[in-house]
1. For the range 212-329, compute Rh as the Kirkwood radius over C-alpha pairs and then the Stokes-Einstein diffusion coefficient at 25 °C and 0.890 mPa s; write the answer in µm²/s, rounded to an integer.
2. For the chain, find the longest principal axis of its Cα atoms and tell me its angle to the long axis of helix 94-110, 0 to 90°, nearest 10.
3. Every cysteine in the chain with no other Cys Cβ under 4.7 Å from its Cβ, please list them in numeric order.
4. Using θ = phi - 60° and the Karplus relation 6.51 cos²θ - 1.76 cosθ + 1.60, list the HN-Hα couplings for the range 170-182 in order, rounded to whole Hz, with x at every Gly or Pro.
5. What 222 nm value per residue comes from the helices of the chain, counting each DSSP H run with n ≥ 4 as -39,500 (n - 2.57) and dividing by all residues, nearest 500 deg cm²/dmol?
6. Given 37 °C and 0.692 mPa s, how large is the Stokes-Einstein diffusion coefficient of the chain in µm²/s, with Rh as the Kirkwood radius over Cα pairs?
7. Which net charge results when you count Lys and Arg as +1 and Asp and Glu as -1 among the other residues whose beta-carbon is under 10 Å from that of residue 339?
8. Assigning unit charges at the beta carbon (Lys, Arg +1; Asp, Glu -1) and nothing else, what dipole magnitude in debye, to the nearest 20, does the chain show about its Cα centre?
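The values are calculated or read from the model by the stated rules, or taken from the named source; none is laboratory data. None of the values given here were measured: they were computed from a predicted structure. Cβ placement follows ideal geometry from the backbone for every residue including glycine, while neighbour counts extend to all protein chains displayed. Calculation scope for accessible area: heavy atoms of the full protein, side chains included, ligands and nucleic acids excluded. Shrake-Rupley method; radii C 1.70, N 1.55, O 1.52, S 1.80 Å.
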Amino acid sequence: MIGSSMSKKEKNVFQRIPAPLLSWYQEHKRTLPWRENPTPYRVWVSEVMLQQTRVEAVKEYYLRFMNALPCVEDLAVCEEEKLLKLWEGLGYYSRVRNMQKAAKILVSSYGGEFPCDIKELQALPGIGSYTAGAIGSIAFGLPVAAVDGNVFRVASRLEENATVISDPSYRKYLEKELSAVYPTGKKACSEFTQSLFELGALICKPQSPDCEKCPLTGVCGAYKHKTQLCFPILPEKKAKRREEVYVFLIETPQGFAIRRREEGVLKGMNEFPSHVIINGESAENVLNEWGMYEFKEIKRQKCKHIFTHIHWDMTCIWVQTDVSPFDTYTLEEIEESVSLPTAFKQCLAVLD
């Protein structure tokens, strides 16, 4: 049961954190582009980008994206290929596709404005309780918590809570408990959410918490009992499925072959034609199945890519031929306007 091991005094730990945390945040917060003029759109884009991606890696992508699509109306009408190119390198492309779906609804049903009601925000494609909480608190100043990995870590250590963080009831518990202690005022609500993020990112780190610099040591159960590295309790990791994959860089006089993936991981994305090896097929047989019988293999190179649940062992094969059954693009066109997931873009190394 969540919180069952805590005394009543310890259960009130969250009530004691806003003042010291906000004071610390004012002195130590980082300068980040999405913290300037935190409109709902700007907060939304940053929070979606930051899912599964490091802050330092996101900065450049965020600035490029906002420069190209500065408002929700621009996102709603952006051509898919341009949109995917702007997202190239961030991965998890369903995120940006859902963003565009939501943008179209915001334009058609809300006049391009974001609703300030949390339930209405959560009704939009791709916006769950965390993202809705971030938009609601940071942009609108609502007293509503946004529980991400950083917040899970901070909160579980404060309480020494042994609930597995993947337990949906634990998220609901933290959202309720933290929302109840939000300070009054739009700016204070906005900064309290960000201060929790910031503490987890800068101080309460997974393997090397810098407790001596933490403003919450006086109320932290894990610090008191030296159990910091015991929390949070993570779900048991499942072994990744391994797949062997051929990736073909098919060069013709017109350029290199590109096609859209029709199934499996990265469905709907561009790729250098690939094939998951199931029955030990040779590369030649695969090319023959695509109607290619006259070609010259130039070079092979091994590489790998790790997805959330799959590990790809890739054999990148550069072949030259006169005619390709797929659309072709020059290397310059691929670099400038064709979106390629990192898994395939790395295969260009075979050309060196």
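1. 139 µm²/s
2. That works out to roughly 70 degrees.
3. Cys with no partner Cβ under 4.7 Å: 71, 78, 116, 189, 204, 211, 214, 220, 230, 303.
4. Along the range 170-182, the couplings run 5, 4, 4, 4, 5, 4, 5, 5, 6, 4, 6, 10, 4 Hz.
5. When only DSSP H runs of four or more count, the value is -11500 deg cm²/dmol.
6. 143 µm²/s
7. So the surrounding residues net to 0.
8. 1900 debye
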